[in-house]
Amino acid sequence: MISADKRKSHSSGWLFCILLALSLGLVSCSNRSLEPVKLSGHTMGTTWSATYRPVPGGPSREAVLQELQSALDAVNHSMSTYRDDSEISRFNRAPVGQWLPVSEQFGAVLSAALAIGKQTGGAYDVTVAPLVNLWGFGPEGPSSGVPAAVEIRQRLAAVGQQQLQLDSEQSRVKKRAPVTLDFSSIAKGYGVDQLADYLLAQQIRDFLVEVGGEMRLAGQSPRYDNWRIAIERPAAGGRAPALALELSDIAVATSGDYRNFFEVDGQRFSHSIDPRTGYPVAHDLVSVTVLADTAMAADAWATALIVLGGDEAMQVASDHHLAVYFIRRQGEEFIARHTAALMPYLKGTDAETTQGPSRPERLP
């Protein structure tokens with residue numbers, strides 16, 4: 001599994017994006033074979049689900065369930081650091097300077113991760129695994145406290161995506177220094193895309209698929225309108241929507257620091273580790289929701305922006321024309337802002353007129 005429990009999930013979007021109940025209401029059809037189908041299962045240390053409207057002559061419910069689970073099993077077998085026989089574990093054990101053949105899936109995910117790492121100046125880095133483990137959020141299990149500065153410096157020396165060489169043409173990778181990979185901030189999103197791609201290949205056009213809360217949706221909901229998605233208001237003790245969106249043909253991922261953390265002497269240490277410093281992020285940005293064409297991109301960018309924090313995250317997101325909703329903490333209040341690229345998705349919401357890059361809005 002990619003994650004053994006909640007504390008060890010490097011991307012925990014399922015804690016932040018929730019479906020509004022109305023979006024799951026079923027609509028009766030004259031042809032019962034066209035009634036929405038709901039499927040679910042387990043993968044990557046979390047759960048997955050799919051809601052879709054079948055098509056005449058399409059695959060059976062049982063066949064779809066089997067194919068979706070198989071697709072996710074393949075991703076997990078390739079990218080889980082909790083499996084000794086996975087591609088990523090074999091690469092992490094491989095000696096420096098040795099080319100290692102990798103699957104097309106593995107190469108595609110690594111290529112996307114390296115691109116985002118470059119675009120964020122190293123704030124996103126899939127070689128961050130040694131630091132994630134040191135702080136107790138990886139396969140090595142919870143830490144006993146705050147690591148010593150000397151330990152952080154030692155682990156930091158083993159981080160840096162510039163030590164990776166990807167040969168896409170020959171589907172192989174090697175490392176120039178003893179770095180290790182961690183795809184937990186992008187693999188769930190990639191898994192979501194695999195589910196969506198299978199359904200689209202079966203001519204299924206109305207669906208919502210998600211893995212651990214990272215989601216992709218297409219066509220119409222069971223109510224024959226857009227899917228209704230709620231972005232959660234950051235609150236460790238409860239759940240309430242900060243913003244509801246009506247969406248279609250888009251992927252959504254959220255990352256935040258308000259549930260997955262530990263405290264020592266009253267100080268909170270987030271699971272979001274800055275690979276540039278070796279320490280958990282310590283800023284006022286608590287939740288980032290990204291809309292993108294693919295769940296893989298949304299997943300990775302949500303993690304990258306939560307690491308960047310505040311004004312820097314807003315600037316990078318705007319520079320890359322990303323549709324992003326930010327929630328920052330100011331004292332006891334939460335302040336929301338969004339990029340200009342999110343504006344088309346805010347039509348009909350309060351945020352359409354009250355929020356913007358220069359108009360932060362206090363959440364109730």
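Observations
- The range 93-175, relative contact order [Cα under 8 Å, separation at least 6], %: 41 percent
- Between LYS118 and GLN163, the contour length at 0.36 nm per residue exceeds the alpha carbon distance by 14.9 nm.
- Using θ = phi - 60° and Karplus 6.51 cos²θ - 1.76 cosθ + 1.60, couplings along the range 278-294 (whole Hz; Gly, Pro as x): x, 10, x, 4, 9, 9, 8, 7, 10, 8, 10, 10, 10, 9, 8, 5, 10
- Restricting the calculation to Cα atoms, every distinct pair contributes to the Kirkwood radius of the range 62-200, found to be 16.0 Å.
- Note, ³J(HN,Hα) from phi for the range 60-69, Karplus 6.51, -1.76, 1.60, rounded to Hz, x at Gly and Pro: 6, 4, 5, 5, 5, 4, 5, 5, 5, 5
- Remark: the range 158-175, residue by residue, has Karplus-estimated 3J(HN,Hα) of 9, 10, x, 5, 5, 7, 9, 10, 10, 9, 5, 5, 9, 6, 8, 9, 9, 10 Hz, where x stands for each Gly or Pro and the curve is 6.51 cos²θ - 1.76 cosθ + 1.60 at θ = phi - 60°.
- Amide H contacts under 5 Å for ALA94, placed H, 5+ residues apart: none
Bear in mind that the values in this text are calculations on the coordinates, not laboratory data. As the structure is a prediction and not an experimental result, all values here were calculated from the model.
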